[in-house]
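Down below is the structure, laid out as C-alpha cells.
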Amino acid sequence: MNTVQLQQAVRAYAATIGIDKIGFTTAAPFRELKNRLKRQQELGYQSGFEEKDLDKRTEPALLLDQAESIIAIAVAYPSKMEDSPKGKKGERRGIFCRASWGMDYHTVLREKLGLLEQFILEQIPTARVRSMVDTGELSDRAIAERAGIGWSAKNCSIITPEFGSYVYLGEMITNIPFVPDVPMEDECGDCTLCIDACPTGALIQGGQLNAQRCIAFLTQTKTPIPEEFRAEIGNRVYGCDTCQTICPKNKKKHNLHQQAFQPEPELAKPLLQPMLTLSNREFKEKFGHISGSWRGKNPIQRNAIIALAHFKDEAAVPELIAMLDKDPRPVIRGTIAWALGQIGTEEGYNAIKEALLKEEDLEVRAELEATLKRV
C-alpha cells in the first residue's frame, strides 16, 4: 500500500470509528503561531495551563523523531439538550458548558486516536506515531486550521462548515509523508458578534483572547475570582459558551449524533445547593466522568456559591452561613461573605458580623469587611 492509498484508507477508517472530520498537514514549524504566542506572553494574556516551552508548542519535530505529517481530527459535540431541567425558586440550577456534557472528551478522543494509530501500524508496522488531545504541547487549533478542518475564528475556536465550532480537536504526529490538505478560507468576514457579546471583554480582537478575563478560564481557577467578574459569571459552574451561542455559523448546529457526548441533564444543569456539601468522593462519583471535573470540587463549589448569589437565593442562606462558620477553605468562606451580601438578608448580615469576630484569614476578613461597607 503506497502513501496515497494509505491516506485514503485512513480517511475511510476514521469515519467508521466516529471521527467526524479528518485532515492532514505537514509537520513543518508553526512560525506565525510562535510569534503570536510570544505576544500573548508579553501581554500576560495566557491562562497558565499551556505548555511554557514555545519551541515545543510550535515545532512538531521536537516531539517525534523524523516527523513528516500531522493528522488532525475533529469530533462534534451537542449544542442542544433534550429535556433540559428548569430551575425554580429554592431549587436553582447551575450549568456546565457544552464541552463538558457527556463523557470526558479527552478519554473519547484518545480512544479514537488509539484506534487510528493501531490501524496505521497494521498497514505500516515501522511507522512512528504520537497522539495528543488538548493537554499536549501542540496547538490543536493551529493544526486543525492548517489541516483544513475549519477556519480559526474570531471567537478563538475552529469553525467547521458541518458542525460549527462545537467540535473537539486532537492530532497525531507521524513520520509518514501524507499529502497535506488545503486550509479553509476564513468566513467570519466583518462579523464581531462574539467580541461584542463576551461578558468580560476577554476577546480583545478577532482571534486574540485574554485568558485572564475569560469566564471559561476563571471558572477553572482555584483562587478567589476577582470581584469585577463575579456578577458576569451568572449561574455558570464550569466554562462559558457565549461566544459560541452568539455565532451565526453555529445556528441550527445541534450535533446530536455522538452518543458519548449526550448530556445527562441532572449533571449538565445540576441543582446548586446540594453541590455545596459534596465530599471529594461524592463529587468524583457523580461528576468524575465529565471533563468539567478535572480541577476537583473546590472551584465548582466556589462557582456554585457565586451562582446562588446571582439568583439571590434566600433558601441557600442557612447552608451558606453554616459553611461560613465551619468550612476550612478560605476561598470558600471569602466567596460566601460576598454572596451573602449579594443575597441581602438580615440573617446573612448578622452572620457576617459574627464571622468577623473570629476570622483570622486576612483575605477572608477583607471580603467580610467589604460586604459590610457595601451595606
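Out of the residues in segment 196-216 that are within 30 Å of F24 (Cα to Cα) and outside any strand (DSSP E or B), state the one that is modelled with the lowest pLDDT. Spell out how you get there, then give the answer.
Keep residues of segment 196-216 that are within 30 Å of F24 (Cα to Cα), which gives 203, 205-211, 216.
Next, from what is left, pick out any that are outside any strand (DSSP E or B): 206-207, 210-211, 216.
Working: G206: 71, G207: 78, N210: 93, A211: 93, A216: 97.
That would be G206.
Residues that are surrounded by fewer than 16 Cβ atoms within 10 Å (Cβ to Cβ) and in contact (Cβ under 8 Å) with a residue 12 or more places away in the chain, at least 1 per element: which helices (runs of 4 or more DSSP H) completely within segment 257-323 meet that?
Filter on segment 257-323 gives 265-268, 280-287, 297-310.
Would you mind telling me which numbered condition in (1) free of Cβ contacts under 8 Å to residues at least 60 places away in the same chain; (2) crowded, with 16+ Cβ neighbours inside 10 Å A144 fails?
Result: A144 fails condition (1) only.
If I ask for residues that are in contact with a Leu (Cβ under 8 Å, 6 or more places away or on another chain), in a helix (DSSP H, G or I) and under 18 Å from V182 (Cα atoms), which ones from segment 1-39 would you list?
V10
Looking at G334, G296, G341, can you tell me which residue is within 23 Å of the chain's Cα centre (by Cα) and farther than 30 Å from D20 by Cβ?
G296
If I filter segment 103-138 down to residues being under 19 Å from E68 (Cβ atoms) and hydroxyl-bearing (S, T, Y), which single residue comes out as surrounded by the fewest Cβ atoms within 10 Å (Cβ to Cβ)?
By that ranking, first place goes to T126.
Just wondering, is there one or more residues in segment 105-119 that are assigned to a helix (DSSP H, G or I), touching a Gly at 6+ places or on another chain (Cβ under 7 Å), of a type outside the set (D, E, K, R) and within 15 Å of D20 (Cβ to Cβ)?
Yes, some residue in segment 105-119 is assigned to a helix (DSSP H, G or I), touching a Gly at 6+ places or on another chain (Cβ under 7 Å), of a type outside the set (D, E, K, R) and within 15 Å of D20 (Cβ to Cβ).
Tell me yes or no: at least one residue of segment 295-302 is β-branched (V, I, T) and out of contact with any strand residue (DSSP E or B) (no Cβ under 6 Å at 6 or more places or on another chain). Reasoning before the result, please.
Residues of segment 295-302 that are β-branched (V, I, T), as a first pass: 300.
If we keep only those that are out of contact with any strand residue (DSSP E or B) (no Cβ under 6 Å at 6 or more places or on another chain) as well, we get none.
Looking for residues that are β-branched (V, I, T) and out of contact with any strand residue (DSSP E or B) (no Cβ under 6 Å at 6 or more places or on another chain), one finds none in segment 295-302, hence no.
Only residues that are out of contact with any strand residue (DSSP E or B) (no Cβ under 7 Å at 6 or more places or on another chain), crowded, with 16+ Cβ neighbours inside 10 Å and either part of a strand (DSSP E or B) or among the aromatic types (F, W, Y) (or both): list them for segment 76-102, please.
Correct list: W101 only.
Please give the number of the condition N210 fails out of (1) in contact (Cβ under 8 Å) with a residue 40 or more places away in the chain; (2) touching a Phe, Trp or Tyr at 6+ places or on another chain (Cβ under 9 Å); (3) under 30 Å from H257 (Cβ atoms).
Only one criterion is unmet by N210, namely (3).
How many residues does segment 324-341 contain that are free of Cβ contacts under 8 Å to residues at least 60 places away in the same chain and either in contact with a strand residue (DSSP E or B) (Cβ under 8 Å, 6 or more places away or on another chain) or not in a loop (DSSP other than H, G, I, E, B) (or both)?
11
Within segment 238-248, restricting attention to residues that are touching a Ser or Thr at 6+ places or on another chain (Cβ under 7 Å) and not in a loop (DSSP other than H, G, I, E, B), which residue is farthest from K80 (Cα to Cα)?
Y238
If you scan segment 1-24, which residues turn out to be basic (K, R) and buried (at least 20 other Cβ atoms within 10 Å of the Cβ)?
Hit for segment 1-24 is K21, nothing else.
The values are calculated or read from the model by the stated rules, or taken from the named source; none is laboratory data. Here the structure is a predicted model, which means the values were calculated and not measured. Note: ideal-geometry Cβ built from the backbone for every residue, glycine included; neighbour counts use all protein chains shown.
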